[in-house]
Structure formats: C-alpha cells, structure tokens
1. Could you size up the charge dipole of segment 9-135 around its Cα centre, putting +1 on the beta carbon of Lys and Arg and -1 on that of Asp and Glu, and report it in debye to the nearest 20?
2. Just for segment 9-135, what percent of DSSP beta bridges are antiparallel, to the closest 5?
3. Output the relative contact order of segment 9-135, whole-number percent, from Cα pairs under 8 angstrom with separation of 6+ residues.
4. Work from the charge dipole of segment 9-135 (Cβ charges, +1 for Lys and Arg, -1 for Asp and Glu, about the Cα centre) and give the residue of 35, 11, 105 farthest towards its positive end.
5. Can you put 45, 58 in order of Cβ neighbours within 10 angstrom, beginning with the fewest?
6. Quick one: order 111, 49, 16 by neighbouring beta-carbon count within 10 Å, fewest to most.
7. Would you please classify the overall shape of segment 9-135 from the alpha carbon gyration tensor, given that a ≥ b ≥ c denote the square roots of the eigenvalues, rounded means a/c under 1.5, and beyond that prolate means a/b larger than b/c while oblate covers the rest?
Amino acid sequence: MNERQATPRILVMEDSIALAMLLNEVLTRMGYAVAVATRVADGLDIARSELLAAAVLDINIAGERVYAVAAELARRDIPFLFASGYEVVDPAFSSCEILRKPYSIKHLVKSLGRMIPAPLAPAPITHREPDALILASEADPC
C-alpha cells in the first residue's frame, strides 16, 4: 500500500454487531485504528475516502455482497482478506485470502501480518488471550 500512517487503520466489515465489536476491541488493543462498517454502503464510503492500511471483509453483509468494496480497495492498492463462512463467488476475487469462520484471533493476526506490518506502538494487552478464541457470527450458517 502506498498510503501509510503511524497507526495503521483497518476497515472491518461485519454485520454481526457482537463480532464487529469484538474485532474492534481486539484490533484496537493490538495497536490498530479500526473503522467498522455494518452496511455495504458505509464500507464503500470508508474504502473510497479514508486512509486505510488493510481491510477484513465479511462477504455477506445483511444479504448484500461486499465485492464493490473489495474492488475499490483493490483499485486503491489496499490489501484485504475475506473473513466469512461463504465461498468467494465473484471470479475477480478467487485468488483472495479467505479466513473461514469460525476462526481464531491467532489466525486473524497471522493473516493481517502477511498483509501489513504490525502497528508501531501496540497497546498493552493486560491479560493473555486464549489461543482458541473463536470468532464467528451467530447468524453465519457455516
């Protein structure tokens, strides 16, 4: 990505409010700034206008696919991954990484680490995170 900042900002698109809040908390404690979108239109606005380091996109947001957001991120050369129980249907994104739900924080961190460097000044984590903490939406059928 050509646009960098001191605190990397990550777009999280997730329609499960509980999961979005958990991802926001985890990523913030890791030292990232987080922009959460629970609607495709909001995610597209953020993808078009904000300085982002990366994005984590649920493929299905309230019945709507996020491919327009993914296309905008790709156009801006912003790395992203899909985090979903769904397969990528659009052939334009068949080579993109998919973090399958349910997934662990460990796998999320590893995937983000392949896309962007760790934050410069991560926030201290005051308790040990369980390695097996699973992130999954209750509404996700998979």
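Just so you know, all these numbers are worked out from the coordinates, no wet-lab data involved. Bear in mind that the values here come from a model prediction, so they are computed numbers and not experimental data. Because the Cβ atoms are built from the backbone with ideal geometry, glycine has one as well, and the counts that use them run over all protein chains shown.
1. With Lys and Arg at +1 and Asp and Glu at -1, about 340 debye.
2. Rounded to the nearest five, the antiparallel share is 20 percent.
3. Taking the mean separation of contacting Cα pairs over the length of segment 9-135, I get 25 percent.
4. 105
5. The order, fewest Cβ neighbours first, is 45, 58.
6. Ranked by crowding around the Cβ, least crowded first: 49, 111, 16.
7. Prolate, since a/c reaches 1.5 and a/b exceeds b/c.
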